[in-house]
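The values are calculated or read from the model by the stated rules, or taken from the named source; none is laboratory data. Since we're looking at a predicted model, the values are computed, not measured. Methodologically, a virtual Cβ is constructed for each residue, glycine included, from the backbone with ideal geometry; neighbour enumeration extends over all protein chains shown.
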Amino acid sequence: MGSDEQKVYQKNIQIYQPKRPIKRNGLKAFLVGGMICVCGQGLSQMYMTFLPITQKEAMSPTLATLILLSALATGFGVYDKLGQFAGAGSLVPVTGFSNAMTSAALEHRSEGFVFGIGANMFKLTGAVIAFGVLSAYLVALTRLLVQMIIQP
């Protein structure tokens with residue numbers, strides 16, 4: 001097939017391909033991702049109100065709560081439905097990472113704790129963790145070098 005034939009073919013098949021609702025999908029992702037973040041902010045405010053902690057100290061229990069709620073929602077099948085509705089809006093916050101780990105653990109639970117859950121839980125998320133650790137190391141190293149240059 002030549003280049004011109006390929007262009008004609010691509011133009012002809014566009015008639016039969018379904019239209020993608022990009023704007024509607026983007027709006028749903030924005031709203032659901034935003035609502036997850038609003039819930040996180042509400043949890044943070046709740047922790048600061050009921051516990052004598054600062055905003056910085058409230059981040060850890062807030063993230064832990066969001067991760068726990070996401071894992072429970074994944075276990076009960078609720079997060080999958082949310083992901084089908086919202087797409088990337090449910091994957092971007094920390095809850096999407098928790099969903100990925102919990103889904104892998106649930107999928108391989110019949111193989112046992114070590115060879116099933118332990119070995120397969122980090123298949124998808126292991127790369128994310130490795131990239132995060134490497135990025136943090138490089139940023140910290142860069143900051144150290146800049147500080148050493150500025151303040152000899």
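The set of residues in segment 77-136 that are exposed (fewer than 13 other Cβ atoms within 10 Å of the Cβ), over 18 Å from the mean Cα position of the chain (by Cα) and of a type outside the set (A, V, I, L, M) comprises Ser110, Gly112, Phe113, Phe115. Consider only pairs whose beta carbons are under 9 Å apart and that are at least six residues apart or on different chains; among these, list those whose first residue lies in segment 57-79 and is on the phi > 0 side of the Ramachandran plot and whose second residue is in a helix (DSSP H, G or I). Listed by first residue and then by second, the contacts come to nothing, as the list is empty. In the condition set (1) in contact with a Phe, Trp or Tyr (Cβ under 6 Å, 6 or more places away or on another chain); (2) over 25 Å from Met59 (Cα atoms), Phe85 is compliant with all but (1). Considering only segment 75-89, I want to know if a residue exists there that is within 29 Å of Leu106 (Cα to Cα) and acidic (Asp, Glu). Yes, the conditions are met somewhere in segment 75-89.
Summed over segment 7-49, residues that are surrounded by 10 or more Cβ atoms within 10 Å (Cβ to Cβ), of a type outside the set (Lys, Arg) and either under 17 Å from Gln84 (Cβ atoms) or in contact with a Gly (Cβ under 9 Å, 6 or more places away or on another chain) (or both) total 12.
How many residues, within segment 106-130, are in a helix (DSSP H, G or I), within 20 Å of Leu91 (Cα to Cα) and either of a type outside the set (Gly, Ala, Ser) or in contact with a Phe, Trp or Tyr (Cβ under 7 Å, 6 or more places away or on another chain) (or both)?
The initial filter retains those residues of segment 106-130 that are in a helix (DSSP H, G or I), namely 106-107, 109-111, 113-120, 122-130.
Still in the list and also within 20 Å of Leu91 (Cα to Cα): 106-107, 120, 122-130.
After this cut, where a residue has to be either of a type outside the set (Gly, Ala, Ser) or in contact with a Phe, Trp or Tyr (Cβ under 7 Å, 6 or more places away or on another chain) (or both) as well, the list is 106-107, 120, 122-125, 128-129.
Of the residues in segment 106-130, 9 are in a helix (DSSP H, G or I), within 20 Å of Leu91 (Cα to Cα) and either of a type outside the set (Gly, Ala, Ser) or in contact with a Phe, Trp or Tyr (Cβ under 7 Å, 6 or more places away or on another chain) (or both).
Is it true that some residue in segment 131-143 is at pLDDT 80 or above, in contact with a Phe, Trp or Tyr (Cβ under 6 Å, 6 or more places away or on another chain) and within 30 Å of Ile36 (Cα to Cα)? The answer is no; no qualifying residue exists.
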